[in-house]
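Colleague: Structure below; questions to follow.
The values are calculated or read from the model by the stated rules, or taken from the named source; none is laboratory data. Everything numeric here is computed off the predicted structure, so don't read it as measured data. Here the Cβ positions follow ideal geometry from the backbone for every residue, glycine too, while neighbour counts run over all protein chains shown. Ligands, DNA and RNA are stripped out before the accessible areas are found, and what is left, the full protein with its side chains, is counted by its heavy atoms. Shrake-Rupley method; radii C 1.70, N 1.55, O 1.52, S 1.80 Å.
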Amino acid sequence: MKFKKGDLVLIIAGKDKGRTGKIIKSIPKELKILVEGINLKKKHVRPRREGEKGQVVDIPAALDISNVKIICPKCGKATRIGYTIDKDTKNRICKKCKQII
Ligand SMILES: [Zn+2]
């Protein structure tokens, strides 16, 4: 899984195409991520107590990782992720500026 929580991503497909957001959860098993404020789905919440009103809240639905590109925190460009191996450590690098991200 190339993406992790806290990464900033650019949406490249779907209804939120062109928007950016921060990953709030990654689901490596399904190759999906949840991005803050992106791909929102309406969810009805039932009132918890009597006399309270039910509400409709927007919650982000999982996005396929093929629909996003990471935004490099070093050069600020939407990029692909590469890896370098330094001894036993695997580092993620930006394919554009080659910096470890
Ligand atoms: Zn970069």
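Colleague: Quick check on my filter: what residues within region 1-24 are without any contact (Cβ under 8 Å) to a residue 24 or more places away in the chain and open to solvent by 80 Å² or more (accessible area, probe 1.4 Å)?
Modeller: Just the residues of region 1-24 that are without any contact (Cβ under 8 Å) to a residue 24 or more places away in the chain, to begin with: 4-6, 16-19, 21-23.
Within region 1-24, K4, K5, K17, R19, K22 qualify.
Colleague: The conditions are (1) farther than 29 Å from G18 by Cβ; (2) open to solvent by less than 60 Å² (accessible area, probe 1.4 Å); (3) not small (G, A, S), and C94 fails exactly one of them. Which is it?
Modeller: Condition (1) is where C94 drops out.
Colleague: Would you be able to say whether some residue in region 31-41 is of a type in the set (A, V, I, L, M, F, W, C) and surrounded by fewer than 10 Cβ atoms within 10 Å (Cβ to Cβ)?
Modeller: Here is the first cut: in region 31-41, the residues of a type in the set (A, V, I, L, M, F, W, C) are 31, 33-35, 38, 40.
Of the ones still in play, those that are also surrounded by fewer than 10 Cβ atoms within 10 Å (Cβ to Cβ) are none.
Checked against the condition, which is being of a type in the set (A, V, I, L, M, F, W, C) and surrounded by fewer than 10 Cβ atoms within 10 Å (Cβ to Cβ), region 31-41 yields no hits at all.
Colleague: Restricting to region 32-57, what's the tally of residues that are among the β-branched types (V, I, T) and touching a helix residue (DSSP H, G or I) at 6+ places or on another chain (Cβ under 9 Å)? Please lay out each step first, then the result.
Modeller: Here is the first cut: in region 32-57, the residues among the β-branched types (V, I, T) are 33, 35, 38, 45, 56-57.
Applying the additional criterion that residues be touching a helix residue (DSSP H, G or I) at 6+ places or on another chain (Cβ under 9 Å) yields 33.
Number satisfying all stated conditions: 1.
Colleague: Considering only residues that are modelled with pLDDT of 95 or more, farther than 23 Å from I100 by Cα and among the β-branched types (V, I, T), which ones fall in region 13-62?
Modeller: Of everything in region 13-62, just one residue is modelled with pLDDT of 95 or more, farther than 23 Å from I100 by Cα and among the β-branched types (V, I, T), namely I38.
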